[in-house]
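The block underneath contains the structure these notes are about, expressed in structure tokens.
The values are calculated or read from the model by the stated rules, or taken from the named source; none is laboratory data. Predicted, not measured: the structure shown is a model, and the values here were computed from it. Every residue, glycine among them, receives a Cβ derived from its backbone with ideal geometry; neighbour counts consider all protein chains shown. Surface accessibility is based on the protein's heavy atoms, side chains included, excluding ligands, DNA and RNA. Shrake-Rupley method; radii C 1.70, N 1.55, O 1.52, S 1.80 Å.
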Amino acid sequence: MKTSRFVLFGALVALALAGGLALFASSSPDGLESVMLEGCQTGADGEISGGECALQQAGEHEIGGPLADYGISFIDSETLGGSLAGIVGVLLVLALATGLFWLLARGRRAGAGSGEA
Amino acid sequence: MSELALHIPNGIIGIPTSLVFGLIAAIVVGVCVVAARRGLDERLVPLAGLATAFIFAAQMLNFPVAAGVSGHLLGGALAAALLGPWLGVLCVTVVIGVQALLFADGGVTALGMNVVNMAVISTFVAYGVIALALKILGRTRTGLTAAVFAASVAGVVAASAGFVLEFAIGGEAPQSLGEVAGAILSVHVLIGVGEGLITAVAVTAVALTRPDLVYALRGSRLLGTSLEKETV
């Protein structure tokens with residue numbers, strides 16, 4: 001398989017995972033959160049309703065932002081917002097990482113070029 | 001709906017500890033930038049970008065590991081197997097940075113600790129296990145699948161041990177440190193098995209289509225020459 005086709009196919013898989021399959025992901029607290037919740041009771045919405053646990057010391061996120069918690073703040077539908085947030089995230093990470101690694105590789109070539117000169 | 005993924009939020013670990021780990025993360029990531037640059041062929045750039053985007057997507061897929069408890073991929077083993085330890089650390093660091101700054105997943109204050117645990121510890125430990133296991137099992141595809149699975153479990157458990165260390169230094173909980181450590185490590189063995197299954201499938205799929213793109217299979221061969229042969 002050609003590299004360009006491989007990258008395109010891989011990107012489509014990542015978009016499908018983040019924009020589609022992620023909607024069916026478990027919404028239970030993850031390993032870290034569940035241990036930090038030990039000692040507390042939680043309500044149906046997952047919020048702490050009583051008891052004493054390490055997670056109570058967690059503050060509000062410092063930034064928050066329109067994509068906070070993998071949703072889009074101005075879209076009411078959790079399904080649509082979650083799906084779009086996943087797609088936006090994948091495209092953003094793809095562009096950012098490719099850009100950063102390209103700069104890194106380019107710096108290397110420039111460095112090698114000046115070394116030969 | 002609660003968060004899809006949860007890294008260390010701000011407030012759980014004290015500020016001094018967070019800052020020390022922030023400094024450690026900055027130093028190690030800096031070393032990785034220098035080391036990764038040496039082996040970074042321009043043709044590898046889109047693949048490294050793709051691996052990073054894939055890890056971001058896969059981290060959203062929380063799978064159940066016990067009643068009411070989920071886990072998600074960290075991605076260190078995948079990055080290590082496909083891109084090697086240096087570039088691998090950078091991929092996971094980009095993911096964790098984007099999550100903390102744009103998706104409110106993981107505190108900004110806790111960014112250093114999240115990078116040390118999930119990007120640095122998990123990738124380096126996974127790479128060490130892959131290298132060792134491939135020496136024992138041989139550089140075959142079956143050997144690779146088994147090596148990647150073992151590396152995933154080891155990488156995830158080691159990352160969670162990093163959290164236990166940070167919590168021991170700067171955290172407070174009603175239960176004893178031993179109880180926290182036991183609970184964290186045991187649940188991450190289960191998460192590691194999930195990570196192992198996903199990573200083994202993903203790396204094996206890449207090895208079947210484009211074995212030249214699997215860093216762990218490259219050995220001492222130069223990537224440039226093998227890429228040219230395969231893509232013609």
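Looking at this structure, is B:Thr93 of a type in the set (Val, Ile, Thr) and within 8 Å of the chain's Cα centre (by Cα)? Give the steps one after another, and end with the answer.
Values: of a type in the set (Val, Ile, Thr): yes; within 8 Å of the chain's Cα centre (by Cα): no.
Considered against the rule, which asks whether it is of a type in the set (Val, Ile, Thr) and within 8 Å of the chain's Cα centre (by Cα), B:Thr93 comes out as no.
Contact list please: Cβ distance under 8 Å, first residue in the range A:23-43 and within 14 Å of B:Gln175 (Cα to Cα) and facing chain B (nearest Cβ under 7 Å), second residue aliphatic (A, V, I, L, M) and assigned to a loop (DSSP other than H, G, I, E, B), pairs at least six apart or on different chains.
So the pair list comes out as A:Met36/A:Ala58; A:Met36/B:Ile12; A:Met36/B:Ala173; A:Glu38/B:Ala173; A:Gly39/B:Ala173.
If you scan the range B:106-151, which residues turn out to be in contact with a His (Cβ under 6 Å, 6 or more places away or on another chain) and either charged (D, E, K, R) or not in a helix (DSSP H, G or I) (or both)?
Going through the range B:106-151, the residues in contact with a His (Cβ under 6 Å, 6 or more places away or on another chain) turn out to be B:106, B:114.
Matches in the range B:106-151: B:Gly106 only.
Just to be sure before I move on: is B:Leu87 in contact with an Asp or Glu (Cβ under 9 Å, 6 or more places away or on another chain), more than 7 Å from chain A (Cβ to nearest Cβ) and either surrounded by 23 or more Cβ atoms within 10 Å (Cβ to Cβ) or part of a helix (DSSP H, G or I) (or both) in the structure I sent?
Working: in contact with an Asp or Glu (Cβ under 9 Å, 6 or more places away or on another chain): no; more than 7 Å from chain A (Cβ to nearest Cβ): yes; either surrounded by 23 or more Cβ atoms within 10 Å (Cβ to Cβ) or part of a helix (DSSP H, G or I) (or both): yes.
No.
Show the residue pairs that are 6+ apart or on different chains and have beta-carbon atoms under 6 Å apart, the first residue being within the range B:99-111 and closer than 19 Å to B:Phe163 by Cβ and more than 7 Å from chain A (Cβ to nearest Cβ), the second being assigned to a helix (DSSP H, G or I) and open to solvent by 10 Å² or more (accessible area, probe 1.4 Å).
Cβ pairs passing all conditions: B:Ala100/B:Leu111.
Tally up the residues in the range B:161-205 that are over 21 Å from B:Asn62 (Cβ atoms) and of a type in the set (Ser, Thr, Tyr), please.
Summing the residues that are over 21 Å from B:Asn62 (Cβ atoms) and of a type in the set (Ser, Thr, Tyr) in the range B:161-205 gives 2.
Between residues in the range B:152-164 that are part of a helix (DSSP H, G or I) and residues that are acidic (Asp, Glu) and modelled with pLDDT of 95 or more, which pairs lie under 8 Å by C-beta distance while being six or more apart or on different chains?
As it stands, the answer is B:Ser152/B:Glu195; B:Val153/B:Glu195; B:Gly155/B:Glu195; B:Val156/B:Glu195, since those pairs meet every condition given.
Please determine whether any residue of the range A:67-83 is more than 8 Å from chain B (Cβ to nearest Cβ), over 15 Å from the mean Cα position of the chain (by Cα) and in contact (Cβ under 8 Å) with a residue 24 or more places away in the chain.
Looking through the range A:67-83, at least one residue is more than 8 Å from chain B (Cβ to nearest Cβ), over 15 Å from the mean Cα position of the chain (by Cα) and in contact (Cβ under 8 Å) with a residue 24 or more places away in the chain.
Being within 16 Å of the chain's Cα centre (by Cα), more than 10 Å from every other protein chain (Cβ to nearest Cβ) and open to solvent by 20 Å² or more (accessible area, probe 1.4 Å) is the filter here, so list the residues in the range B:154-197 that pass it.
If the condition is that a residue be within 16 Å of the chain's Cα centre (by Cα), more than 10 Å from every other protein chain (Cβ to nearest Cβ) and open to solvent by 20 Å² or more (accessible area, probe 1.4 Å), then B:Ala154, B:Val157, B:Ala158, B:Ala161, B:Val193, B:Leu197 are the ones that fit.
Give A:Ala54, A:Ala18, A:Ala11, A:Ala44 a once-over and let me know the one that is at pLDDT below 95 and more than 18 Å from B:Ile184 (Cβ to Cβ). Give the derivation first.
Details: A:Ala54 fails: more than 18 Å from B:Ile184 (Cβ to Cβ); A:Ala18 fails: at pLDDT below 95; A:Ala11 fails: at pLDDT below 95.
Only one candidate qualifies: A:Ala44.
Residues are listed down the side, and each one gets a yes or a no for (1) assigned to a helix (DSSP H, G or I); (2) modelled with pLDDT under 95; (3) acidic (Asp, Glu); (4) more than 21 Å from B:Leu73 (Cβ to Cβ):
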site	(1), (2), (3), (4)
A:Val35	yes, yes, no, no
A:Glu38	no, yes, yes, yes
A:Gly50	no, yes, no, yes
A:Glu60	no, yes, yes, yes
A:Pro66	no, yes, no, yes
A:Ile87	yes, no, no, no
A:Val93	yes, no, no, no
A:Phe101	yes, no, no, no
A:Ala112	yes, yes, no, yes
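Out of (1) farther than 17 Å from B:Ser152 by Cα; (2) more than 7 Å from every other protein chain (Cβ to nearest Cβ); (3) outside any helix (DSSP H, G or I), what's the single condition that is false for B:Leu73?
(1)
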